1. Could we say that residue 110 is at pLDDT 90 or above and over 23 Å from the mean Cα position of the chain (by Cα) here?
2. If you take the residues of the range 61-83 that are buried (at least 21 other Cβ atoms within 10 Å of the Cβ) and farther than 26 Å from residue 170 by Cα, which of them is nearest to the chain's Cα centre (by Cα)?
3. Looking at residue 347, is it closer than 24 Å to residue 254 by Cα and touching a Ser or Thr at 6+ places or on another chain (Cβ under 6 Å)?
4. Note down all Cβ pairs under 8 Å where the first residue falls in the range 28-53 and is modelled with pLDDT of 80 or more, the second is assigned to a helix (DSSP H, G or I) and among the hydroxyl-bearing types (Ser, Thr, Tyr), and they're at least six residues apart or on different chains.
5. Does any residue of the range 269-288 turn out to be modelled with pLDDT of 95 or more, closer than 19 Å to residue 189 by Cα and either surrounded by fewer than 20 Cβ atoms within 10 Å (Cβ to Cβ) or among the aliphatic types (A, V, I, L, M) (or both)?
6. For the range 285-325, which positions are of a type in the set (Val, Ile, Thr) and closer than 21 Å to residue 242 by Cα?
7. Please state which one of 92, 87 is within 27 Å of residue 12 (Cα to Cα), crowded, with 17+ Cβ neighbours inside 10 Å and at pLDDT 85 or above.
Amino acid sequence: MATESKSVSGNILFRLFWWIVLRLNPQWAHKLMYFGLRDGSFGRTIVKDPALSVTVWGHTFNTPIGIGGGVDKKGNIIDRLMQIGYGFGTFGPYTLEKELPVKQTYYFRKEKSILVQCLGFRNPGLLKMLPLFVKRRYLPHFVGVDLVIPAESEDQNIKQGRHFTYQEEFVLMAQKVAPYCDFITLDLSHPNSELSMLVVDASTVVPIIKEVHEAVRVAAPIQTPPILVKIPLDLNAKEIPLVARNLVDSGVDGVVISGPLSLSKNSLIQLPGLKDERIGMLSGALIKEQTLDLIRQIYEQTKGQVTIVGCGGVFSAEDAFEQIKAGASLIQIDNPALTFGGPTCVSDIHKGLLKLLEENHFSNVMEAIGSGVQKDGWPTSPVSQNKETYQPENVSEPVQPVPEQPVPEQPISNEEVTAPVQPDVQTVQPPVQPQPVPPEITPAPVQPVQEQPSEGQNPQDTVLTPPVPPVQQ
């Protein structure tokens with residue numbers, strides 16, 4: 001493996017100050033991190049290696065490690081994070097209109113987790129962010145947009161003075177942002193949204209995804225962005241096969257696994273210092289095992305037909321490698337990993353991944369995807385099927401033409417020479433008949449006859465009498 005590493009030192013004093021604040025108050029450190037990223041105080045160490053490249057949706061990523069939704073809603077730091085070494089990023093999540101809900105955030109340093117309690121998504125709104133997307137469209141960064149509808153029910157979904165169905169609102173937002181992004185994520189994982197409960201309903205989810213696909217093709221026909229779906233984490237054993245079937249039937253390009261865990265539906269996780277009545281959206285290391293298990297089950301149910309993007313609980317190279325072996329092609333780093341590990345943790349993850357690939361005898365990340373899942377009884381891929389069906393045909397076909405190849409060189413070539421002579425003669429005979437006729441009628445013989453009409457009257461009277469009047473006229 002030819003590994004290339006480039007390091008740029010940042011502000012050492014700022015990084016030391018941020019590390020001290022992180023030990024004292026993670027919430028302050030989280031806010032301080034944004035200022036450091038905008039000013040370039042963290043520095044960067046970029047690790048490049050061909051073994052880390054992954055090809056998905058027709059695009060080759062230099063690394064499978066990217067930034068998930070919820071990290072940057074104002075468009076300030078995604079491009080900075082891409083310069084540090086992340087392979088892709090996600091803006092949002094965004095609603096159609098601006099939302100400023102009251103929220104309370106709890107940081108758990110030892111558990112490396114964050115609990116957010118709110119009724120909606122705090123964001124400036126998609127319509128306000130469109131000028132920024134247009135401005136940065138041609139930057140060499142693979143960046144997508146996360147779209148969400150946090151309505152408690154479709155009847156209460158009133159935007160811009162009129163009622164919107166889920167399908168109409170997703171189509172409207174996707175059409176507006178499709179020409180200015182590289183992929184679109186439909187977020188169906190919000191705990192307070194009705195869509196998180198309807199994700200198992202094929203009559204609701206499948207038409208939405210298909211309509212968004214068609215709308216995006218019309219809005220961006222040249223570079224159509226792939227459509228991803230973000231599913232909730234708290235799915236039971238009966239719901240997972242239904243969700244997997246909906247993903248395959250809808251023709252979605254990928255699935256993000258997954259969003260934060262809703263403690264209103266799952267009360268098995270006990271958080272220190274919080275009462276049982278405090279519920280919200282949990283993300284971080286506490287949901288690592290559930291995320292890994294859901295990735296494995298969706299990969300098994302879809303049999304690898306849908307690209308999986310792992311999101312949640314990734315803090316080290318070991319965490320990322322486990323999700324890759326479970327079936328994830330790409331990995332998203334979320335807010336807890338950036339807060340407790342720092343934005344430069346991506347360089348450590350890259351170095352650790354290269355070491356794990358070498359220890360497990362993988363030449364690249366593509367070979368490791370889904371390697372930890374039992375694939376007995378799986379239908380072979382279209383490529384392998386073509387190889388199996390074409391091999392016997394290719395073997396039988398060359399056996400017959402091989403003896404025929406020397407035959408056409410001598411005997412068949414003679415037959416071919418005699419055979420075409422006959423049609424050539426036939427084709428020559430019809431043109432020979434009209435050829436003598438035009439010289440008799442052509443004006444060339446008529447002119448000399450007109451000059452000497454009296455000398456050749458006996459043999460040419462019958463022939464020359466008709467052409468003489470038109471010549472005189």
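The values are calculated or read from the model by the stated rules, or taken from the named source; none is laboratory data. Predicted, not measured: the structure shown is a model, and the values here were computed from it. All Cβ positions, even for glycine, are placed from backbone atoms using ideal geometry, and neighbour counts span all protein chains on display.
1. Details: at pLDDT 90 or above: no; over 23 Å from the mean Cα position of the chain (by Cα): yes.
Answer is no for this residue.
2. Here the answer is 64.
3. Values: closer than 24 Å to residue 254 by Cα: no; touching a Ser or Thr at 6+ places or on another chain (Cβ under 6 Å): yes.
No: the conditions fail for residue 347.
4. Pairs found: 29/339; 30/339; 33/339.
5. Filtering the range 269-288 down to residues modelled with pLDDT of 95 or more leaves none.
Checking the range 269-288: not a single residue is modelled with pLDDT of 95 or more, closer than 19 Å to residue 189 by Cα and either surrounded by fewer than 20 Cβ atoms within 10 Å (Cβ to Cβ) or among the aliphatic types (A, V, I, L, M) (or both).
6. Taking the range 285-325 first, the residues of a type in the set (Val, Ile, Thr) are 287, 291, 295, 298, 302, 306-309, 314, 324.
291, 295, 298, 302, 306, 307, 308, 309 - these are the residues of the range 285-325 that are of a type in the set (Val, Ile, Thr) and closer than 21 Å to residue 242 by Cα.
7. Values: 92 fails: within 27 Å of residue 12 (Cα to Cα).
Selected residue: 87, the only one of 92, 87 that is within 27 Å of residue 12 (Cα to Cα), crowded, with 17+ Cβ neighbours inside 10 Å and at pLDDT 85 or above.
So that you can scan it fast, the table gives a plain yes or no per residue for (1) at pLDDT below 90; (2) among the aliphatic types (A, V, I, L, M); (3) over 28 Å from residue 78 (Cα atoms):
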residue: 324; (1), (2), (3): no, yes, no
residue: 328; (1), (2), (3): no, yes, no
residue: 344; (1), (2), (3): yes, no, no
residue: 347; (1), (2), (3): yes, no, no
residue: 353; (1), (2), (3): no, yes, no
residue: 363; (1), (2), (3): no, no, yes
residue: 377; (1), (2), (3): yes, no, yes
residue: 384; (1), (2), (3): yes, no, yes
residue: 387; (1), (2), (3): yes, no, yes
